[in-house]
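Worksheet: the structure to be examined is printed underneath.
The values are calculated or read from the model by the stated rules, or taken from the named source; none is laboratory data. Quick caveat: nothing in here was measured; it's all calculated off a predicted structure. Here the Cβ is made from the backbone with ideal geometry for all residues, glycine too, and neighbour counts use every protein chain on show.
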Amino acid sequence: MIAIIDYGMGNLRSVSKALEYLGASYKICTKGKDLVRAKKVILPGVGAFGDAMKEIKTRGFIEPLKDLVARKVKLAGVCLGLHLFFEKSEEAPGVKGLGLFKGKVRAFRSGNVKVPHMGWNDLRICKKHPLLEGIASGDYFYFVHSYYAKPASSAISLATCRYGREIFPAVVGNDHIFATQFHPEKSQDVGLRILKNFIGW
């Protein structure tokens, strides 16, 4: 069973419909205790870093998530979900993220592009990963964001994207955590391929 974390914000409908289309069983979890039997977890996200962390804490998700990570249960984050995996964000100074990856989230600084970064953009694959099987450099995905991750180590950067002068991680991950800055559930066939890879991971 794939658990989709519901913290009162996020693209639950589009993620769940994509999983249904791919034939996967899932459960929308509104409290931390609902994650106990999860085999895989998706942390979706649309909204602000500070508000999201407040709700995640209030609904008791932090400790269960850290327990799942310690047990190497497969965990995926989408958009804001990727940001929440990091230690902090310029969007909410003083608010701690989940800290699953070292590093921070920063705002776009280039004056020559519109913010938010919204629309289709292509990736450059940096490293192989099971969830990127069937995905190639030059494939286009759908983005909507004003902030991006700045990992402490480039080792977790699996694919990058260029927007104006900024080159940022579009995909980060390791052997049991994976996150995309773009929305795979809104990225047509290539996005569904990533979700299919996650189901089989």
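Table for the structure above
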{"read-out": "Flag if G50 is modelled with pLDDT under 95 and out of contact with any Lys or Arg (no Cβ under 9 Å at 6 or more places or on another chain)", "value": "no"}
{"read-out": "Residue selected from the range 8-60 under the condition without any contact (Cβ under 8 Å) to a residue 24 or more places away in the chain and among the hydroxyl-bearing types (S, T, Y), by the criterion surrounded by the fewest Cβ atoms within 10 Å (Cβ to Cβ)", "value": "T58"}
{"read-out": "Strands (runs of 3 or more DSSP E) (entirely within the range 121-201) containing at least 2 residues that are closer than 21 Å to L100 by Cα", "value": "147-151, 157-163, 166-173, 177-180"}
{"read-out": "All positions within the range 111-145 that are modelled with pLDDT of 95 or more and among the polar types (S, T, N, Q)", "value": "N121, S137"}
{"read-out": "Residue, surrounded by the fewest Cβ atoms within 10 Å (Cβ to Cβ), within the range 175-201, restricted to residues that are touching a helix residue (DSSP H, G or I) at 6+ places or on another chain (Cβ under 7 Å) and closer than 11 Å to P130 by Cβ", "value": "W201"}
{"read-out": "Scope the range 66-109; condition assigned to a loop (DSSP other than H, G, I, E, B), without any contact (Cβ under 8 Å) to a residue 60 or more places away in the chain and surrounded by fewer than 17 Cβ atoms within 10 Å (Cβ to Cβ); matching residues", "value": "R71, E87, E90, P93, G94, V95, K96, G99, K102, R109"}
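Quick grid of which residues meet (1) in contact with a His (Cβ under 6 Å, 6 or more places away or on another chain); (2) surrounded by fewer than 13 Cβ atoms within 10 Å (Cβ to Cβ); (3) without any contact (Cβ under 8 Å) to a residue 40 or more places away in the chain:
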site: N112; (1), (2), (3): no, yes, no
site: H117; (1), (2), (3): yes, no, no
site: L132; (1), (2), (3): no, no, no
site: F141; (1), (2), (3): no, no, no
site: P151; (1), (2), (3): no, no, no
site: L158; (1), (2), (3): yes, no, yes
site: Y163; (1), (2), (3): yes, no, no
